[in-house]
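What follows is one structure encoded as structure tokens, with my remarks underneath.
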Amino acid sequence: MTQLIHARMTASITELKKSPMDTVLAGKVKNELVVKDNALINASYNLDTTEQRLILLAIVQARELSKNVDANSTLEVHAHHYMKQFNVDKHAAYEGLKNAASNLFERKFSYKGIHEGTQQEKIVKSRWVSKIAYVDSAGIVELTFAPDVIPLITQLEKSFTAYELKQISSLTSKYAIRLYELLIQWRTVGKTPMFELDDFRFKLGLAEDDYVKMANFKARVLDTALNQINELTDIIASYEQHKNGRVISGFSFTFTTKQQPKEVTHTKTKKLTDKQIQFFANKLAHHDPFASQKAAVGESYADLEKRLLIELQDAQIVGKYAGVLKEIGLEV
């Protein structure tokens, strides 16, 4: 089954500056967009909650500077930014980042790729970072992503998933963060395919001897994660267990987005000119907050732009997109 490649996300990014030393500084917090290649969404890794949060803050920065970030770029995450984003006190932020920086260099992940010569599936193993440092007195983590990570967070032309960082900011279970990402990948259809049990455990980063008994797996991993997601994020989810005989062989999930108040507008929308259609179809297709919500299964930026060239000929559709069109420069 073709993977759903986009998830809805409206976000803005940390204000970033690049120094002569190629260092990206975490500045004032705005809306923040986490965007990952689906290979990374479906990867296997075991990071604790603080380590995941540190990685996500760095991904937000790298995404904003996608054309300037490479395997030699150093990203900075500051404790005050961590405190504000995840609503923790100063001591927790300093200690959390210090411990994460100490452990993250040894952390690895595995993801599935395709061998160019044979077009066969391969399992790629990589570190998250090639180097990392912690400035104890200032509460600053410096990190450089490993070469394999860079294209999975910046060069996203085909299959990717996006979500608002704030949606996972209150999650304290490392499994809740991972499960949210796995679910949100399928936002436009509101349901996942069945995750085979072994593959599901692989994606959650569980070792073979972790929570082997199904009762423990549900209590310590699945139910805890789902309860946090339902209470603290923008979706409500439930699961169905699938059996092979009397043995549970996998899980599938259904979920809906929590209702938000809708803005009402009575403005009459004019039709766009051909020139405007071409211009704004391109702008919308490459505007991540819009594209991640609008793109259908399997669509690339180019596919979405072609569809928008047709849709924007309809004044009603233009009216539907009036808010985001105004945001990117159309006077409506």
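Enter the accessible area per residue of the stretch 47-115 (Å², integer; probe 1.4 Å; all protein chains in place).
Values: 3050 Å² over 69 residues.
That works out to 44 Å² per residue.
Does the stretch 22-174 come out rounded, prolate or oblate by the C-alpha gyration tensor, with a ≥ b ≥ c the root eigenvalues, rounded set by a/c under 1.5 and, if not, prolate when a/b is larger than b/c and oblate if not? Don't skip to the answer; put the middle values down first.
Details: a/c = 1.69, a/b = 1.65, b/c = 1.02.
Prolate shape, in that a/c is at least 1.5 and a/b is the bigger ratio.
Can you compute the radius of gyration and Dmax for the stretch 200-254, using only the Cα atoms, both in Å?
Calculated on Cα positions, Rg and Dmax stand at 12.0, 35 Å.
If I take all pairs of Cα atoms in the stretch 168-229, what percentage of them are more than 15 Å from each other?
52
For His242, list long-range residues whose amide hydrogen, built 1.01 Å from N in the peptide plane, is under 5 Å from its own amide hydrogen.
HN-HN under 5 Å from His242: Ser249, Gly250, Phe251, Ser252.
Taking 20 Å as the cut-off for C-alpha to C-alpha distance, list the pairs among Lys84/Lys283; Lys203/Lys294; Lys191/Lys213; Lys112/Lys203 that go past it. It would help to have the intermediate numbers written out before the result.
Details: Lys84/Lys283 31 Å; Lys203/Lys294 26 Å; Lys191/Lys213 26 Å; Lys112/Lys203 11 Å.
Pairs exceeding the cut-off: Lys84/Lys283; Lys203/Lys294; Lys191/Lys213.
Can you tell me the alpha carbon radius of gyration of the stretch 49-93 divided by the globular rule-of-thumb value 2.2 N^0.38 Å? Please report the intermediate quantities before stating the final value.
Values: Rg = 11.6 Å, N = 45, 2.2 N^0.38 = 9.3 Å.
The value comes to 1.24.
Could you give each residue of the stretch 38-44 its phi-based ³J(HN,Hα) in whole Hz, using Karplus coefficients 6.51, -1.76, 1.60 with θ = phi - 60°, and x for Gly or Pro?
4, 4, 7, 4, 9, 6, 10
Output the peptides 191-197, 120-126 sorted from most to least packed, where packing is the average of other Cβ atoms within 10 Å over each peptide's residues. Write out the running numbers ahead of the final one.
Details: 191-197: 16.3, 120-126: 11.6.
Peptide ranking by packing, descending: 191-197, 120-126.
Calculate the spin-label point distance for Asn230 paired with Ile114, positioning each point 7 Å from the Cα along the beta-carbon direction, and give it in nanometres.
3.8
How are the Cα pair distances of the stretch 134-196 distributed, in percent, across 5 Å bins from 0?
3, 12, 16, 17, 24, 16, 6, 4, 2, 1
The values are calculated or read from the model by the stated rules, or taken from the named source; none is laboratory data. Since we're looking at a predicted model, the values are computed, not measured. All Cβ positions, even for glycine, are placed from backbone atoms using ideal geometry, and neighbour counts span all protein chains on display. Protein only, heavy atoms only, side chains kept; ligands, DNA and RNA dropped before computing areas. Shrake-Rupley method; radii C 1.70, N 1.55, O 1.52, S 1.80 Å.
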